[in-house]
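What follows is a single structure, written as structure tokens, with notes after it.
Rule-based calculations on the coordinates, nothing more; no lab input. Quick caveat: nothing in here was measured; it's all calculated off a predicted structure. Positions of Cβ are generated from backbone atoms using ideal geometry, with glycine treated the same way; all protein chains shown enter the neighbour counts.
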Amino acid sequence: MAVMAFSYLSCAGDPLFMSISSQQLASPVFVAVDTVNSRAYVINANNHLEYLDTHLTILDISNPPSPTFLDVGTNPISIPNFSGQAYFDPATRLLFVSNRLSDHKDDVVDTLLRINVDETSGSFGEVSSFNAGEDPFGVACCDTSNRLYLINEGTLGVYDIGSPSTFVSISLDITLGSGDRLKGLSSREVVLLGDQAFVTNRTGFIYVINMTEVGDLSKNPIDYVISGGGDLRGIATDGTYLYVVDHSEDDPLLRILDPSSLTAVDPDTSAFNEVSVTSIQTTAISTGTEPQEVAIVGGRAFVTNTGSDSVTVIDTDSRSVATTIDLTAGGWVADEPTGITGFTVGDNNYVYVTNLKSDNISIIDANALSVVADYP
């Protein structure tokens, strides 16, 4: 069910929620980075409902280890609570953000936000909304047709980023060979690799979508369902392999998968193949407690561990743990690290980690493998 809007309660006339200042963060959930223009776009979800409202915060990352608030125009930009992941389109400087806020309990149509983040534009700060189904979260872009992929409860929405009111909705409601029905509920994230989109599901499955068949009603774009995982959440790719976070309480893992054997299924049939995760898994590596998201940068995979306030760093060549970074060591502040973004500037690699509970970002030097700052 989508997260509902609510009335703000008060006691003796005083609000129970704080007003948010322009430079505060509120349960930051994701950071999109524009390295060309030295900008970072922080999506504040306000998941813990600490504040009366929330916003998108734009940072100047001319010096990535020490970002500063961009003091321009309408920054920060007001957005609804309960946003998720985002995609920044460098060609248009538009930011596409999933948002789960609903007006009431029966409202199953949430939104994809499109935000103009070009401060040189006359429409800087303009926010448009498009239909996104129920509880959208994961976002990935773009396929060869310049389409954006958005995951929600039970469907995969595929949007023309030039005209997001035009989209294709792919049902993830299928029946397995065992007779069990997989409705696609609790689907979490999506990543694109070659002609395939891979969708994680918290009940232990990964859908494999043939992107060349999306929009052709005579074909079933679901080619495979990968089964046998635990609580599958974050997913990333290095261009060859998939890196999938398994949040399973008893055995938290990063699963490294080789999808090269998952060739396209005959486009003339509606059938799909079922494969076990172990049949394409090259390695499964233990992480910290409650792993959430994964990012790849500089030949390493970085996994956020919400339960242990740490990041597990995995060497993608040796497929072994290089180190575990304690985000609170040395006096840095970090509580509930969740979202993670890796990027490169010159010869330097960086990782920004969003901390939901402490309302800040941990900044990691991904070459030195250490925290160098937090923001704010």
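Details
- Each peptide in 369-375, 350-356, 155-161 receives the mean, over its residues, of other Cβ atoms within 10 Å, and ordering these scores from highest gives 350-356, 155-161, 369-375.
- Gaussian network model of the chain, springs between alpha carbon atoms under 10 Å - residue of Asp118, Asp359, Asp180 with greatest fluctuation: Asp180
- For the pair the range 298-315 and the range 92-165, the centres of their Cα atoms are 28 angstrom apart.
- A Förster radius of 30 Å combined with the Cβ-Cβ distance from Val36 to Asp216 puts the calculated FRET efficiency at roughly 0.30.
- The relative contact order of the range 150-289 comes to 17 percent, based on Cα pairs under 8 Å that sit 6 or more residues apart.
- Inter-label distance for Ser165 and Asp266, nm, one decimal - labels placed 7 Å from Cα along Cα-to-Cβ: 4.2 nm
- Dipole magnitude (debye, nearest 20) for the chain, charges at Cβ of Lys, Arg, Asp, Glu: 140 debye
- A dipole drawn for the chain from +1 and -1 charges on Cβ atoms has a positive end, and of Ala366, Tyr87, Val313 the residue lying farthest that way is Tyr87.
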